[in-house]
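Trainee: Got a structure here, written out as structure tokens. Questions coming.
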Amino acid sequence: MQGVLTTDLQSQLNGGRELLAQLRDALMRFGASDEDKATLASSIRQLDEFFMLVVVGEFNSGKSAFINALVGRQVVKEGVTPTTAQIHVLKYGDTIAQSTDAQILGDQILGEQIFGKQRIAVTTAPAEFLREVQIVDTPGTNAIIREHEQITTTFVPRADLVLFVTSADRPFTETERAFLETIRDWGKKIVIIVNKVDIFERPDELDEVLAFVSSASQRLLGMTPEIFAVSARLALRAKQGEPSVWTASRFEPLERYITETLDEASRFRIKLANPLGVGEALAQRYAAIASERLTLLKDDLTLLENVEQQLALYRSDLARGFELRMTAVEKVLLDMETRGHAFFEDTLRIGRVMDLFNRARIQKEFEERVVADAPRQIERAVTELIDWLIDQDFRQWQAVTTAIAARTREHGSRVLGAPDVGTFHSDRGRLIDAVGREAQRVVDTYDRKREAAVIADHARTAVTTAAAAGGGALALGTVVTLAATTAAADITGILLASVVATLGFLVIPARRRKAKGELKNKMSALRERLATALRAEFDRAQVHSRQRLDDVVAPYSRFVRAEQERWTSARDALGALRDQAGAFRKRLAA
């Protein structure tokens, strides 16, 4: 800032710079666009420059005429067409002069490059108030040439004070109202100038216009700014030799405001409030972006929670379903055990002593009556159990795919309409799409037969290893047959003809009890081995299915949780800085 500041003003400046540094660091940390970071940096650097008074409004509202009246000379061109096709900077000089190079860079004018290579014309004039203030004339906000409007829009954040010129014959047009909302969002101090009031023949006509402007500005800005009604045309005539029209121009109150009310302390506070307003606006913008992203992430977290809930229900249903289906397997073995007991009662008796010496016959009869179709029933029950498991696994993938597909259709939405800054939306969309594609690929390529065969092979191997050590990968039915027939293997040949007559009544009942006990033990062991082996295999299959799903969802899940933490921090930090900047500006205004 120009000049030497008092201790109080210097303290305010130091506090403002510290807060602005925090705002700048926060915007960098949370990925603000290069344009927004440059805007804030530029407004901070302008603290060391002249007070910048920016004149805006529609073309033909009399902006250039107002500047000429303020200086008292014809320093900028006037016209009924969009004559201001570039930025005009009015500075102090001993004579009226205009630069001939319309491509001058901003850093050659205001000590910094804030306009790139926009068209800038520099005019000097010997007006005393220009020693402390620079005036900027901008293209009309409703210029047909859109480049002109863009120049005006991008210039406004650099302004310390905005003089908004509207024409008395059509005040507050639609484009003017839209432009005022833009200025409001930047937190600028605004002074409204109603020009061309000399068109009114009666005072009540002017009063009506001023009442309309005051009401409209209150609605748009949330406050009523200073409003001056002037005739720039009459003011310039008065300064150029027609003093009789000076009173009618109503220009004196406005001129006094600019040259006297805006003293050094006032200019200081307005100038310091400028970057604070820019910082507050940017903090609000990115806090809104953070809130929008957290809203989207909330839906993502809900999706992930739903997937977890589905998996928990899946595991619970799987456990219940497995036990129910294992009951069917065990029932086959229990029924076989019951038939075995009946067989021993019928076979191991004195009346069939001679048959007991025929091992082949007894074994054949045992297989036909006891084993019967138990192996096939076991194979069928296990196959049904495996098919059920595969169906549950497939249904789980379908449920996840459906949920993610629905989220994919929604992930491009903007809840608050915030600008797409950084790579958040693209990264998030890419991850959701990747999860959805992979889940759909699994569903589309799910080979039930192959999956069932893998589980069945693992189960068969596990059971065979436990029941027939050293054997190959036997069918489950074969394992059942082996386990059952060994119980009958010793039935035949256990009685000698020489002792039948004397010991038969004692030996046969004992052997019958022993045979029943052996069969019971072997069937019990077989049930336990089957249940243990199948349960272990189904647990393995469940873990494998969960791992496959986790591998697909994990990148998306990590992104969502990391971004939730990041944007929660951003929302809180930026919201706090926004509030601090707003409170600082209120203190300056007070």
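What follows is calculated from the coordinates using simple rules that are stated; it is not laboratory data. Not measured: the values here are computed from a predicted model. Neighbour counts are summed over all protein chains in view; Cβ atoms, including those assigned to glycine, are modelled from backbone coordinates with ideal geometry.
Trainee: Testing the spin-label approximation: label points 7 Å from Cα along Cα→Cβ at D207 and D572. State their distance in nm.
Mentor: Label-label distance for D207 and D572, simple model: 5.7 nm.
Trainee: Another question, then. Please compute the Kirkwood hydrodynamic radius over segment 1-71, one decimal place, Å, based on all pairs of different Cα atoms.
Mentor: Values: mean 1/r = 0.0663 Å⁻¹.
15.1 Å is the Kirkwood radius here.
Trainee: Still on this model: If we count other beta carbons within 10 Å of each Cβ, what is the order of K520, K91, fewest first? It would help to have the intermediate numbers written out before the result.
Mentor: Details: K520 14, K91 18.
With the fewest neighbours first, K520, K91 line up as K520, K91.
Trainee: Out of residues 5 or more away from F51 or on other chains, whose amide H comes under 5 Å of its own, with H placed 1.01 Å from N in the peptide plane?
Mentor: Correct list: Q134.
Trainee: So how long is each side of segment 187-292 along the principal axes, counting just the alpha-carbon atoms, biggest first, in Å?
Mentor: Reported extents, whole Å, longest axis first: 58, 33, 16.
Trainee: Which of the lysines could a cross-linker span from K331 if the Cα-Cα distance has to be under 19 Å and same-chain partners fewer than 8 positions apart are dropped?
Mentor: By straight Cα distance, K331 reaches K516, K520, K522.
Trainee: Still on this structure: Expressed in whole Å with the largest first, what are the equivalent ellipsoid semi-axes of segment 150-227 derived from the C-alpha gyration tensor as the square root of 5 times each eigenvalue?
Mentor: On the way: eigenvalues 111, 33, 22 Å².
Calculated on Cα positions only, the semi-axes equal 24, 13, 10 Å.
Trainee: May I pose another question? Put a dot 7 Å past each Cα toward the Cβ at E264 and S316; how far apart are the dots in nm?
Mentor: 7.6
Trainee: If you don't mind, there's one more thing I want to ask. Enter the mean projected area of the convex hull around the alpha-carbon atoms of segment 243-313, in nm², rounded to one decimal.
Mentor: Working: hull surface 34.1 nm².
Quarter of the Cα hull surface area: 8.5 nm².
Trainee: What FRET efficiency, computed as 1/(1 + (r/R0)^6) with R0 = 56 Å and r the Cβ-Cβ distance, is obtained for Q98 and S214, rounded to the nearest 0.05?
Mentor: Values: r = 37 Å, r/R0 = 0.66.
According to the calculation, E is roughly 0.95.
Trainee: Among the lysines, which fall within straight-line cross-link reach of K77, defined as a Cα-Cα distance under 29 Å, with same-chain neighbours fewer than 8 residues apart omitted?
Mentor: Correct list for K77: K63, K91, K117, K188, K189, K196, K239, K271.
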